[in-house]
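> I am attaching a structure below and will ask some questions about it afterwards.
Just so it is clear, none of the values below were taken in a lab; they were calculated from the coordinates. All values reported here derive from a predicted model rather than from experimental measurement. Please note: Cβ atoms are built from the backbone with ideal geometry, for glycine as well, and neighbour counts cover all protein chains shown.
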């Protein structure tokens, strides 16, 4: 029985995504914390990700497969301790129902590799009114122009 079985999380089959690796390949590619969150539907502790304070222009990309997920122009400070956005890039994420921990939430995952990113809530700013509350460990930041 894995983490997903214990907590009621959902996991797509490996062949469901354009980037599909075995569990062993994911473990080799990701840090232990990235694997726990991206592949095991975990959550990082709030306030631990430097991406929560990232203010430069650029893109937030999936730490698993490199797909661009969010433009920095959609990031806002939600005060939750996790990087938050009001809109993903077109086609970058998928959503599914998450009934783990005796709650009903909408899980957000990378549409290219299926990696767990976080959850979306209906309490964000306009123009969407949505708050994509993402685990920073599930992403990396790529500054505009490619500079670090």
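> Among 55, 29, what is the fewest-to-most ranking by other Cβ atoms within 10 Å?
55, 29
> Moving on. May I ask you to compute the full-extension gain from residue 16 to residue 73, defined as 0.36 nm times their residue separation minus their alpha-carbon distance, rounded to one decimal in nm?
In short, 17.5 nm is gained.
> For residue 87 and residue 31, what is the calculated FRET efficiency with R₀ set at 22 Å and r taken between the beta-carbons, to the nearest 0.05?
The computed FRET efficiency comes out at 0.20.
> Also: Hey, fewest Cβ within 10 Å first, where do 26, 82 land in order?
Going from least to most buried by this count: 26, 82.
> Here's another thing I want to ask about it. Of 106, 74, how do they rank once you tally other Cβ atoms within 10 Å and put the fewest first?
So the ranking, lowest neighbour count to highest, is 106, 74.
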